[in-house]
Amino acid sequence: MATGRRKANRAKKEETNWQERVIQIRRVSKVVKGGKKLSFRAIVVVGNERGQVGVGVGKASDVIGAVKKGVADGKKHLIDIPITKSNSIPHPIDGVGGGAKVIMRPAAPGTGVIAGGAVRTVLELAGVRNVLAKQLGSNNPLNNARAAVNALSTLRTLSEVAEDRGVPIENLYII
């Protein structure tokens, strides 16, 4: 019975179509008594292009092991984001991660993802197709990816705002 359940869980996980993209692989060293110990750090973005995305970091003595650990870490830190009918974000938002700041603005259909570096990768794997984004401050890929995830995690839909304020959605539209 247990094996049947495991197969069902495995099939469910494979069904979600996770995509992973490596942003950066860096060789790092640690000074130990015998000399320097070399290892690799991989920054990986995991997403299903349907509103779920996560950033993970993995360290191992080989590149493949570091990427695997990064994917596992990214799946642990998944966030859900609201996407509009035009495959954009609901409202303008700013995010911070370390020394990096990211500004995101919704865009009209057909605009595409106008963003650079790690922010572009995070937005594409989240499933956002039309957005304007700008990195400010740091150029560090990890901090920029974390700033993008921070911004996306604070997005709210119109219905969530109406519920928080205790008013009907119709009253939020002011003409």
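The values are calculated or read from the model by the stated rules, or taken from the named source; none is laboratory data. What you see is a predicted model, and the numbers here were worked out from it, not measured in a lab. Glycine gets a Cβ as well: all are built from the backbone with ideal geometry, and neighbour counts include every protein chain shown. Keep in mind that these areas ignore ligands, DNA and RNA; they rest on the heavy atoms of the full protein, side chains included. Shrake-Rupley method; radii C 1.70, N 1.55, O 1.52, S 1.80 Å.
Suppose a student asked you for the relative contact order of the chain, using Cα pairs under 8 Å spaced at least 6 residues apart; what percent would you report? Please list the in-between numbers first.
On the way: 384 pairs, mean separation 32.0, N = 175.
Averaging sequence separation for qualifying contacts and normalising by length gives 18 percent for the chain.
Can you give the accessible area of HIS91, probe radius 1.4 Å, in Å² rounded to 10?
Probe radius 1.4 Å; accessible area of HIS91 about 60 Å².
Have a look at GLU160, GLU20, GLU124 and tell me which one the Gaussian network model of the chain (Cα, springs below 10 Å) gives the largest fluctuation.
GLU160
Would you mind checking the tilt of helix 2-15 against the longest principal axis of the Cα atoms of the chain, expressed as 0 to 90 degrees and rounded to 10?
Helix 2-15 sits roughly 60 degrees off the main axis of the chain.
Could you derive backbone 3J(HN,Hα) for the range 49-62 from the dihedral phi with the Karplus parameters 6.51, -1.76 and 1.60 (θ = phi - 60°), listing whole Hz in sequence and x where the residue is Gly or Pro?
6, 9, x, 10, 8, x, 10, x, 10, x, 10, 7, 6, 10
Spelling out what I want: for every residue of the range 97-114, take phi, set θ = phi - 60°, compute 6.51 cos²θ - 1.76 cosθ + 1.60 (Karplus), and round to whole Hz; glycine and proline get x.
Karplus values, whole Hz, x for Gly and Pro: x, x, x, 9, 10, 10, 10, 10, 10, x, 9, 6, x, x, 6, x, 8, 9.
Using θ = phi - 60° and the Karplus curve 6.51 cos²θ - 1.76 cosθ + 1.60, what whole-Hz ³J(HN,Hα) does each residue of the range 72-78 get, with Gly and Pro shown as x?
Each residue of the range 72-78 in turn: 4, 5, x, 5, 6, 10, 6 Hz.
Of the candidates GLY127, GLY58, GLY35, which one comes out as most mobile in a Gaussian network treatment of the chain with C-alpha springs shorter than 10 Å?
GLY35
From the cross-link list LYS36/LYS101; LYS75/LYS134; LYS33/LYS75; LYS59/LYS85; LYS33/LYS76, which pairs have alpha carbons spaced over 29 Å apart? Intermediate results must be reported in sequence, preceding the final value.
Values: LYS36/LYS101 34 Å; LYS75/LYS134 25 Å; LYS33/LYS75 35 Å; LYS59/LYS85 38 Å; LYS33/LYS76 34 Å.
Distance filter (> 29 Å) returns LYS36/LYS101; LYS33/LYS75; LYS59/LYS85; LYS33/LYS76.
Quick one: which residues, 5 or more positions from LEU136 or on another chain, have an amide H under 5 Å from its amide H? H modelled 1.01 Å from N in the peptide plane, none for Pro or chain starts.
Counting only residues 5 or more places away or on other chains, the set is LYS101, VAL102, ILE103.
Check which residues have an amide H placed less than 5 Å from LEU78's amide H, if you skip close sequence neighbours.
none
Which of these, ARG50, ARG165, ARG41, has the largest mean-square fluctuation under a Gaussian network model of the chain (Cα springs below 10 Å)?
Highest fluctuation of the listed residues: ARG165.
Which residues does the label zone of SER61 cover in the range 18-48, counting backbone N under 20 Å from a point 7 Å along Cα→Cβ?
26-42
Students sometimes get this wrong: rank LEU132, LEU155 by accessible area, probe 1.4 Å, all chains present, largest first.
Heavy-atom accessible area, descending, gives LEU132, LEU155.
Between LEU38 and ASN139, what is the spin-label point distance in nm, taking each point 7 Å from the Cα along the Cα→C-beta axis?
Inter-label distance under the simple model: 2.5 nm.
Of all trypsin sites (Lys or Arg not before Pro) in the range 69-157, which ones are in loop regions per DSSP and have a Cβ with at most 10 other Cβ atoms within 10 Å? Write out the running numbers ahead of the final one.
Working: sites: LYS69, LYS75, LYS76, LYS85, LYS101, ARG120, ARG129, LYS134, ARG146, ARG156; in loops: LYS85, ARG129, ARG156.
Taking the range 69-157 and a limit of 10 other Cβ atoms within 10 Å, the loop trypsin sites (Lys or Arg not before Pro) found are LYS85.
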